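Report on the structure given below.
The values are calculated or read from the model by the stated rules, or taken from the named source; none is laboratory data. None of these values were measured; they are calculated from a predicted model. Cβ placement follows ideal geometry from the backbone for every residue including glycine, while neighbour counts extend to all protein chains displayed.
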Amino acid sequence: MHEMSLTQAVVDAVTEKLGDAEVTQVRLEIGKLSGVVVDSIRFCFDLVTEGTTLAGARLVVDEPVGQARCRECTTEVEVDDPIVLCPTCDGSNVDVRSGRDLRIISVEVRTACAPPAAAPTAPAYG
């Protein structure tokens, strides 16, 4: 299951970048054409984050469809299947331009609140 190693790589990248910061949410973009099983990533995330600063963090996954362009008739089309035929000319000479990515989009961390500023004291007059 390559999803476990992919999830571990995401967690390693976040912890390497943020150190000891407590992570509350990780947002990933996993394209429909990436070959990654998103439900497996969700399952692995809880296992891999255990004992790290990401433990208990929420995982949000966006799954954009792919974009492809026919090299014969130049039709552009959204695709969610790796086998693409042009809907205009039925050609198979199609250039898939997006939808294969796995990216970390954002990471949210818990920040410590600064203590409230002390109220100014009135000068003492004697």
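Observations, loosely collected:
- Screening VAL65, VAL77, VAL48, VAL61 for residues that are of a type outside the set (S, T, N, Q) and either surrounded by fewer than 13 Cβ atoms within 10 Å (Cβ to Cβ) or touching a Ser or Thr at 6+ places or on another chain (Cβ under 6 Å) (or both) leaves exactly one candidate, VAL48.
- Selection within segment 75-86: residues that are in a strand (DSSP E or B) and among the charged types (D, E, K, R). The member of this set that is nearest to the chain's Cα centre (by Cα) is GLU78.
- Leading residue by the ranking (surrounded by the most Cβ atoms within 10 Å (Cβ to Cβ)) among those in segment 87-109 that are in contact with a Leu (Cβ under 8 Å, 6 or more places away or on another chain) and either of a type in the set (D, E, K, R) or in a loop (DSSP other than H, G, I, E, B) (or both): GLY99
- Verdict on GLU72 being part of a loop (DSSP other than H, G, I, E, B) and within 18 Å of ARG97 (Cα to Cα): yes
- Residue check: PHE43 meets all listed conditions (1) more than 16 Å from ILE104 (Cα to Cα); (2) exposed (fewer than 14 other Cβ atoms within 10 Å of the Cβ) but one, namely (2).
- Qualifying residues in segment 36-95 (those that are of a type in the set (Ser, Thr, Tyr) and more than 21 Å from LYS17 (Cβ to Cβ)) - the one modelled with the highest pLDDT: SER40
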